[in-house]
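Enquirer: Shown below is the structure under consideration.
Just so you know, all these numbers are worked out from the coordinates, no wet-lab data involved. In this text the structure is predicted, and so the values were computed from the model without any measurement.
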Amino acid sequence: VFVFDLDQTLVNNCPRTIAILREFANHTDATFDFQDAFKNISEKHYEFSIVKMLLNAGIVQQEVISSALKFWMRRFFSNDYLYLDTPIAGATEYVKALYKKGGVIVYLTARDKNNMEEGTIRSLQNMDFPLDDSSRSLCCNSI
């Protein structure tokens with residue numbers, strides 16, 4: 001049995017984060033001069049902490065950071081943006097090789113079962129990760 005975490009282990013969720021933050025810049029009515037900073041956010045700014053990521057990108061206004069974080073949280077933890085995730089280099093091939101040799105693959109994640117399971121299954125399938133019976137292979141957080 002091989003147990004894998006998803007985010008930043010097998011799956012790069014940075015494209016999802018970047019897309020949501022850029023969407024925030026396009027949908028906000030704030031008058032701050034930060035749209036360019038949001039549009040230029042890239043993987044080089046990535047941090048697990050969104051606040052640190054925004055600071056790395058030069059976004060320092062506390063009210064902007066607070067609004068962006070709320071906007072990001074409502075979207076990041078949903079099925080709607082999971083299609084943007086990409087496999088970490090070599091991850092799909094590695095997991096497939098283990099599976100082909102008879103390994104049982106289990107994906108253990110803190111992703112919320114109610115809000116993210118459906119999108120996670122689709123995303124794993126789209127990235128060509130082996131996924132047998134989703135109730136056995138994918139273990140999401142049910143809190």
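Enquirer: Of the DSSP beta bridges with both residues in the chain, give the percent that are antiparallel, rounding to the nearest 5.
Expert: Roughly 20 percent of the DSSP beta bridges within the chain come out antiparallel.
Enquirer: Once the Cα atoms of helix 113-126 and of the chain are each reduced to a long axis, what angle between those two axes, in degrees from 0 to 90 to the nearest 10, is obtained?
Expert: Approximately 70 degrees, to the nearest ten.
Enquirer: Scattering from the C-alpha atoms of the chain alone, worked out with Debye: what is log10 I(q)/I(0) at q = 0.17 1/Å?
Expert: Log-scaled intensity ratios, in q order: -0.91.
Enquirer: How many angstrom separate the Cα center of segment 1-59 from the Cα center of segment 78-143?
Expert: 21
Enquirer: If I take every Cα pair under 8 Å that is 6 or more residues apart in the chain, average their sequence separation and divide by the length, what percent do I get for the relative contact order?
Expert: 31
Enquirer: Rounding to the nearest 10 and keeping the result within 0 to 90°, find how far the Cα-based axis of helix 14-27 lies from the longest principal axis of the chain.
Expert: Taking Cα atoms only, the helix is inclined about 30 degrees.
Enquirer: Compute the helix-to-body angle for 62-76: its Cα long axis versus the longest principal axis of the chain, expressed 0 to 90° and rounded to tens.
Expert: Once rounded, the angle reads 30 degrees.
Enquirer: Considering just Cα atoms, how many Å³ per residue does the convex hull of segment 1-73 enclose?
Expert: So the per-residue Cα hull volume is 84 Å³.
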